[in-house]
Amino acid sequence: MAKRIGILTGGGDCPGLNGVIRAVVLHAHNSYGWDVVGVRNGFEGLYEEAYVELDPRRVVHLLARGGTMLGSSNRANPFAYPIQLPDGRVEIMDVSARILQNLAKLDLEGLIVVGGDGTMSFGKRFVDLGAKMVGVPKTIDNDLEATDYTVGFQTAVEVVVEAVDRLQTTAESHERILIVEVMGRYAGWIGLTAGVAAGAHVVLIPEIPYDIDRVVDAFHRRHGRGVSYSIVIIAEGATPAGGDHAVAVKGDATRQDRLGGAGERLADAIQARTDYEVRTVVLGHLQRGGTPCAFDRELATRYGVKAVELIAEGQFGHVAALDRNVIVAKTMDKAIKKLKLVDPAGELARAARAVGIELGA
Ligand code: F6P
């Protein structure tokens, strides 16, 4: 019987996941003669034993398709897993032992875990328990320390830039302030990168708590120059100086807080201080959907190939990473130790300020 490896996609989806799956299947099959089993819905599939056999025919036309053909879940924490009891109550349980048993039954050469910091930290815990896992970093947030770019980030930036290009014209026609709330959780990579690429006038990110008076002054200055509209990009995790995150839904043992409302909060603050007309657009999951851009397809392919090789070399507990445009192996530890955040005094922030973007502090 041919040897086989496994792959799962965990956490929030993003464009490019299917490209990773395709590359894994093709490289495993063509170069090693390995079969590949796909695990459905992240770690949930390992608990439920929900698998799908993946062969090269199943990955035809997959590279350009967004989402993940395997499904994903951001509630499937194997160490705090929601189990529905016969009486309807939900109990949070550690199901890692059962997952290890199921993994042993699969008898894989290794399992590729495609995920962000949450999924990767589960992977690391399983590696510490003896499981043979390697990682591929994905998340539109680009907040994994181990790598320069995660799969999905560039596509999300493209979506924001296209939206801002469209909003510029209507903001100008109506002399409005248009606030665009973007994702990114506690990191401002999407907001700042897209803000620079789209030429936004104000960009507010979690790493730089904003002073509302400074933001309002930026509008006054533009108006003083005869420019009576402005585009503001605000990251969902941005906070006013001394304030808290805008939380839409409080988290629990199985998942983090869901952020949301930063844009509306800012609109209210501007409205309380000025007569400018303000509108807010929340881009939300548009940033996670649809066709991956060329960069993400290429990155997904290179990561998928590297992940198969990490298994072939027995480098468990490592992730494929991009380091100055070279694909390398980094430890899962490195991927989860701390979030990669925007440096408020770094080159990207300095470039933004240099071209007149107000960062709020
Ligand atoms: O981590 C990716 C991400 O899209 C964040 O940017 C966002 O805060 C969160 O996931 C949204 O999660 P959900 O899919 O649960 O709404």
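Before we move on, is Ile270 over 21 Å from the mean Cα position of the chain (by Cα), touching a residue at least 12 places away in the same chain (Cβ under 8 Å) and within 27 Å of Gly6 (Cα to Cα)? Against the criterion (over 21 Å from the mean Cα position of the chain (by Cα), touching a residue at least 12 places away in the same chain (Cβ under 8 Å) and within 27 Å of Gly6 (Cα to Cα)), Ile270 does not qualify.
Among the residues making up segment 1-30, those that are β-branched (Val, Ile, Thr) and either part of a strand (DSSP E or B) or over 23 Å from Arg125 (Cβ atoms) (or both) are Ile5, Ile7, Thr9, Ile21, Val25. Per this entry, Ala197 is counted among residues that are more than 16 Å from the ligand (Cβ to nearest atom), small (Gly, Ala, Ser) and not assigned by TED's automatic domain parsing to the domain that holds Leu322.
Within segment 31-38, can one find any residue that is crowded, with 18+ Cβ neighbours inside 10 Å, within 16 Å of the ligand (Cβ to nearest atom) and either assigned to a loop (DSSP other than H, G, I, E, B) or touching a residue at least 12 places away in the same chain (Cβ under 8 Å) (or both)? No, that holds for no residue.
Per the listing Gln271, Gln315, the residue uniquely touching a strand residue (DSSP E or B) at 6+ places or on another chain (Cβ under 9 Å) and either buried (at least 20 other Cβ atoms within 10 Å of the Cβ) or within 26 Å of Phe43 (Cβ to Cβ) (or both) is Gln315. Condition test on Gly10, is it farther than 15 Å from Thr301 by Cβ and touching a strand residue (DSSP E or B) at 6+ places or on another chain (Cβ under 6 Å)? Yes; evaluated as a whole, the condition is true for this residue. From the list Glu109, Glu207, Glu158, the one residue that fits, being in contact (Cβ under 8 Å) with a residue 40 or more places away in the chain and surrounded by fewer than 18 Cβ atoms within 10 Å (Cβ to Cβ), is Glu109.
The values are calculated or read from the model by the stated rules, or taken from the named source; none is laboratory data. Predicted model, so just to flag it, every value in this text is computed and none were measured. Positions of Cβ are backbone-derived with ideal geometry, glycine not excepted, and every protein chain shown enters the neighbour counts.
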